[in-house]
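To start, the structure itself, in structure tokens.
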Protein chains: 2
Amino acid sequence: MLKAEALNELIQVLGKENVVTEHEELLSYSYDATAAMPHQTPDVFITPKTTEQVSEVMKIATKYDLPVYPRGSATNLSGGTIPIEKGIVMSMLHMNQIIEVDAENLTATVQPGVIIQDLNDAALEHGLFYPPDPGTVKTATMGGSVSESSGGLRGLKYGVTKHYVMGMKLVRANGDIIKWGGKTVKNVTGYDLTALFTGSEGTLGVITEIIVKLNPVPEARKALLGVFDDIDKAGNAIAAIIRNKVIPATLEIMDNITIRTVENFTHAGLPVDAEAILLCEVDGYKEAVEREAALVEKILKEQGAVEINVAKTDEERDKIWLARRNALPALAQRRPTTVLEDATVPRSKIPHMIKAIRQIAEKYDLLIGTFGHAGDGNLHPTILTDENNKEEMERVDKAVEEIFQVAVSLGGTLSGEHGIGMAKAKFLPLEFGEAGVKLLKDIKEACDPDYRINPGKMVRRD
Amino acid sequence: MLKAEALNELIQVLGKENVVTEHEELLSYSYDATAAMPHQTPDVFITPKTTEQVSEVMKIATKYDLPVYPRGSATNLSGGTIPIEKGIVMSMLHMNQIIEVDAENLTATVQPGVIIQDLNDAALEHGLFYPPDPGTVKTATMGGSVSESSGGLRGLKYGVTKHYVMGMKLVRANGDIIKWGGKTVKNVTGYDLTALFTGSEGTLGVITEIIVKLNPVPEARKALLGVFDDIDKAGNAIAAIIRNKVIPATLEIMDNITIRTVENFTHAGLPVDAEAILLCEVDGYKEAVEREAALVEKILKEQGAVEINVAKTDEERDKIWLARRNALPALAQRRPTTVLEDATVPRSKIPHMIKAIRQIAEKYDLLIGTFGHAGDGNLHPTILTDENNKEEMERVDKAVEEIFQVAVSLGGTLSGEHGIGMAKAKFLPLEFGEAGVKLLKDIKEACDPDYRINPGKMVRRD
């Protein structure tokens with residue numbers, strides 16, 4: 001139970017309307033978008049508006065030894081924003097100003113509560129865009145996205161969030177306010193703490209301002225869909241596209257289970273007998289797009305696609321992408337619980353990985369649909385299950401662990417874009433060994449010796 | 001003086017031929033390419049060949065409390081590789097294997113002693129290239145380049161070294177061997193220690209293997225040169241190019257002093273009365289290059305260039321770039337000592353910065369030539385002086401400090417690409433404040449509590 005003095009001090013700093021203690025309200029801040037996670041109702045939910053307020057909050061938290069859980073829209077998929085001890089849940093949603101779009105320097109400066117799509121809308125007025133495109137652009141915040149180094153659909157050509165963050169303002173656990181990086185492409189002053197904090201899952205400090213790089217909007221784009229009766233042929237097509245020096249903006253795959261489920265959900269006319277479909281979009285100058293699209297079409301044919309569909313209009317393009325965007329919602333409605341994984345492998349290993357997932361599904365008698373970002377090796381095996389069925393959940397746990405083992409053994413990684421959070425913390429030694437986990441802990445403790453910010457995520461106190 | 005036991009243990013691990021103690025030889029390892037720095041002759045110079053040997057060396061160094069200075073080709077420009085205490089200088093030049101170029105995954109895996117150009121030659125056989133292009137590609141090593149997060153000529157369009165490092169193997173001060181990252185574009189497992197170690201100037205660990213991203217070689221390129229009689233017009237041209245959504249591969253500037261000096265040196269026919277010349281290269285698909293080059297030409301005209309030269313052949317292109325590549329050697333031959341700075345500002349501030357540098361040169365009665373990477377705001381004010389002239393060097397020190405102050409006040413940074421090393425460590429509070437410097441120290445001490453690896457660089461023990 002929160003001491004009255006602590007509560008009073010928070011109210012003093014933030015105002016009464018930004019300090020919530022009603023149990024019913026607090027309940028809704030004890031979850032995020034991750035299935036089957038432990039959680040705890042916090043003592044208090046607060047909404048600061050300034051960096052200075054966040055600094056004061058951290059000092060109060062230190063004084064009263066309270067954990068602080070920063071939070072954006074909580075679309076997190078690794079339990080990264082869930083409170084696991086009593087304490088303070090701090091929403092960044094009131095810090096939602098787009099401070100500046102600087103068209104001359106191709107940068108934007110935003111507060112952490114800005115929704116990604118809102119930044120894109122503001123950038124578009126200058127003919128610019130912010131390339132990272134996680135599925136949740138319309139709900140997720142920049143702060144959450146930077147804290148997780150979100151990936152999404154455009155990783156292959158454009159990279160991911162970490163490739164766009166140029167600087168930030170941040171509050172340390174002790175309340176120190178730190179500024180790092182800036183608007184220059186080149187900056188080697190000090191360790192690259194901008195990069196260290198990006199993807200640190202809110203465990204090293206509270207991000208209160210972010211400078212990101214923007215790109216000019218490409219003048220043209222073209223989408224294609226290729227249907228395959230064999231997963232290896234689809235894999236070969238991916239390799240052949242890259243080998244021919246085409247780097248598509250987006251190159252996605254859906255397996256048979258996903259195709260059937262999406263078709264059942266949308267009746268879009270997808271080929272339900274296909275083993276895999278590849279969805280590809282190229283963008284850039286219009287002549288380049290024409291040449292690349294023609295080359296991709298030729299490659300898909302050569303690699304044995306049984307059907308190829310090239311979008312001729314924006315409507316046809318949108319139809320192709322609608323199928324992909326519906327993959328997760330369609331899968332999610334088949335069973336009560338959706339365990340969405342993101343084990344990631346070098347792109348040349350995609351066919352191996354898809355086949356391994358199929359074997360694991362059979363071994364543990366589970367329904368797993370796989371779709372994802374083939375171009376960057378980031379697959380989403382999606383286990384459709386029911387968290388109330390204890391026996392089935394045990395099989396799910398075993399399957400997940402085996403998926404990780406396969407990914408790491410193929411030169412891949414535990415998480416391509418969803419983060420470690422609580423969900424995967426115990427698997428870290430698989431990828432880093434004990435010496436690597438020790439180094440992670442050393443870094444955490446250097447920045448936050450008391451495990452005050454977002455405790456229980458990524459690394460845990462011994 | 002090194003204890004005999006320590007020396008014997010080093011010889012046991014590395015073999016006698018890889019452990020040098022002759023004073024005359026050691027002398028040459030007490031410098032790097034930075035002017036006017038303190039230095040110390042080391043006790044011993046060693047050349048390991050494997051990660052395991054590096055690990056054993058770090059354990060011996062710990063046992064006998066010896067500092068270790070890792071070193072590539074020592075082209076460093078911030079005193080980053082100079083030993084300042086007795087101890088071990090460790091050359092990575094014998095670890096020079098290109099382990100793999102993986103064309104399917106667009107990656108290369110190299111040892112730290114590989115020369116950048118050698119990687120490019122190997123990549124070119126697959127139609128690929130490694131975009132970071134510091135002036136020293138033919139001498140600098142990948143290990144040094146990654147440790148400094150080198151920039152160079154292609155920063156604007158392609159980014160810098162940190163945008164290409166995907167993973168690494170590293171030995172901690174205590175001898176622990178750590179592997180981080182890998183071949184996947186997406187990887188959010190653990191803190192992004194690959195990014196933290198990149199640009200950490202060899203102070204957090206010894207890099208023994210590096211995975212980098214490669215790009216397909218663009219099919220066409222075109223170079224242009226624009227001559228300006230007014231520095232503001234050149235600045236406006238830079239802004240107009242970006243505003244028109246052209247992102248050149250390279251966009252360089254030379255001021256009048258540099259132009260005169262280069263012309264005097266090369267007799268290439270440069271316009272010695274020009275206030276500035278801009279050198280621009282666009283690359284990509286041939287149609288895109290044609291359109292972009294035409295647009296840049298039109299912009300240069302509109303912004304008042306008094307002369308424009310578009311390269312029509314490879315020879316003409318090489319001639320344009322020869323002038324730029326000769327800027328530093330030409331300047332360097334005018335006086336005995338060349339103090340090459342790299343204060344960096346947002347590109348929109350380039351005209352401000354060039355004018356401020358000119359005022360500082362007048363104020364301190366110094367000869368400063370300025371050239372550099374206009375597209376990414378990374379200027380090289382080059383002070384031509386004589387380190388034996390104590391009075392003049394005092395003026396140089398004051399001028400350098402003032403250049404940094406102006407850069408930071410314009411939203412820039414102390415160093416765009418040369419690093420902090422010894423040369424700029426004392427200026428860090430100017431950019432980060434005391435709280436920021438404290439955080440740097442906390443990170444250093446978490447990784448290397450005894451300041452064993454490359455001590456005296458970036459952060460110093462209290």
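Observations on the model:
- Residue in segment B:375-396 that is within 14 Å of chain A (Cβ to nearest Cβ), surrounded by 16 or more Cβ atoms within 10 Å (Cβ to Cβ) and in a loop (DSSP other than H, G, I, E, B) present: yes
- The condition of being under 21 Å from the mean Cα position of the chain (by Cα) and either crowded, with 20+ Cβ neighbours inside 10 Å or not in a strand (DSSP E or B) (or both) does not hold for A:VAL296.
- Scoring A:ASN105 on the criteria (1) out of contact with any Lys or Arg (no Cβ under 7 Å at 6 or more places or on another chain); (2) crowded, with 18+ Cβ neighbours inside 10 Å leaves a single failure, condition (1).
- Looking only at segment B:19-32, residues that are under 21 Å from B:LYS426 (Cβ atoms) and either in contact with a strand residue (DSSP E or B) (Cβ under 9 Å, 6 or more places away or on another chain) or assigned to a strand (DSSP E or B) (or both) come to 1 in all.
- Given (1) in contact with a helix residue (DSSP H, G or I) (Cβ under 6 Å, 6 or more places away or on another chain); (2) more than 9 Å from chain A (Cβ to nearest Cβ); (3) not aliphatic (A, V, I, L, M), index of the condition B:ASN264 fails: (1)
- Single residue of segment B:418-457 satisfying the filter (among the hydrophobic types (A, V, I, L, M, F, W, C), under 20 Å from the mean Cα position of the chain (by Cα) and at the interface with another protein chain (Cβ under 7 Å from one of its Cβ atoms)) that is surrounded by the most Cβ atoms within 10 Å (Cβ to Cβ): B:ILE420
- Index of the failed condition, A:ASN236 passing every other in (1) among the polar types (S, T, N, Q); (2) at negative phi; (3) within 9 Å of another protein chain (Cβ to nearest Cβ): (3)
- Residue within segment A:117-130 that is more than 7 Å from chain B (Cβ to nearest Cβ) and in contact with a Ser or Thr (Cβ under 6 Å, 6 or more places away or on another chain) present: no
- Of note, B:LYS179 does not satisfy the criterion of being facing chain A (nearest Cβ under 10 Å), touching a residue at least 12 places away in the same chain (Cβ under 8 Å) and in a helix (DSSP H, G or I).
- Check on A:ALA237, of a type in the set (A, V, I, L, M), part of a helix (DSSP H, G or I), at pLDDT 95 or above and out of contact with any His (no Cβ under 7 Å at 6 or more places or on another chain): yes
- Lone qualifier among B:LYS355, B:LYS457, B:LYS363 - being among the basic types (Lys, Arg) and modelled with pLDDT under 95: B:LYS355
- Within segment B:65-82, tally of residues that are surrounded by 24 or more Cβ atoms within 10 Å (Cβ to Cβ) and out of contact with any Leu (no Cβ under 9 Å at 6 or more places or on another chain): 9
- The set of residues in segment B:199-218 that are more than 7 Å from every other protein chain (Cβ to nearest Cβ) and in a strand (DSSP E or B) comprises B:VAL206, B:ILE207, B:THR208, B:GLU209, B:ILE210, B:ILE211, B:VAL212, B:LYS213, B:ASN215.
- Residue match in segment B:410-417 (condition: hydroxyl-bearing (Ser, Thr, Tyr) and either within 14 Å of chain A (Cβ to nearest Cβ) or over 21 Å from B:SER348 (Cα atoms) (or both)): yes
- Matching residues in segment B:307-350 - criterion: being assigned to a helix (DSSP H, G or I), in contact (Cβ under 8 Å) with a residue 60 or more places away in the chain, buried (at least 16 other Cβ atoms within 10 Å of the Cβ) and over 23 Å from the mean Cα position of the chain (by Cα): B:ARG317
- Residues that are at pLDDT below 95 and either touching a Cys at 6+ places or on another chain (Cβ under 6 Å) or closer than 21 Å to B:LYS457 by Cβ (or both) number at least 3 in none of the strands (runs of 3 or more DSSP E) confined to segment B:62-113.
- Checked against (1) at positive phi; (2) surrounded by fewer than 24 Cβ atoms within 10 Å (Cβ to Cβ), A:GLY202 passes all but condition (2).
- For segment B:344-374, the tally of residues that are more than 14 Å from chain A (Cβ to nearest Cβ) and farther than 20 Å from B:ARG154 by Cα stands at 16.
- Residue match in segment B:39-54 (condition: at pLDDT below 95, within 27 Å of B:THR382 (Cα to Cα) and surrounded by fewer than 20 Cβ atoms within 10 Å (Cβ to Cβ)): yes
- Of the candidates B:ILE253, B:ILE257, B:ILE242, the single residue that is of a type outside the set (Phe, Trp, Tyr) and within 9 Å of chain A (Cβ to nearest Cβ) is B:ILE242.
- A:ALA327 being away from chain B (no Cβ under 14 Å) and more than 23 Å from A:PHE427 (Cβ to Cβ): yes
- Options A:VAL217, A:VAL188: the member that is surrounded by 24 or more Cβ atoms within 10 Å (Cβ to Cβ) and either not charged (D, E, K, R) or not assigned by the TED database to the domain that holds A:GLY375 (or both): A:VAL188
- Test: residue in segment B:187-198 that is out of contact with any helix residue (DSSP H, G or I) (no Cβ under 6 Å at 6 or more places or on another chain), in contact (Cβ under 8 Å) with a residue 12 or more places away in the chain and at the interface with chain A (Cβ under 8 Å from one of its Cβ atoms): yes
- Only listed residue being touching an Asp or Glu at 6+ places or on another chain (Cβ under 8 Å) and not assigned by the TED database to the domain that holds B:LEU384, chosen from B:ASP229, B:ASP283, B:ASP314: B:ASP229
- Check on A:GLN117, in contact (Cβ under 8 Å) with a residue 12 or more places away in the chain and in a helix (DSSP H, G or I): yes
The values are calculated or read from the model by the stated rules, or taken from the named source; none is laboratory data. Given the structure is predicted, the values throughout are model-derived calculations rather than measurements. Positions of Cβ are backbone-derived with ideal geometry, glycine not excepted, and every protein chain shown enters the neighbour counts.
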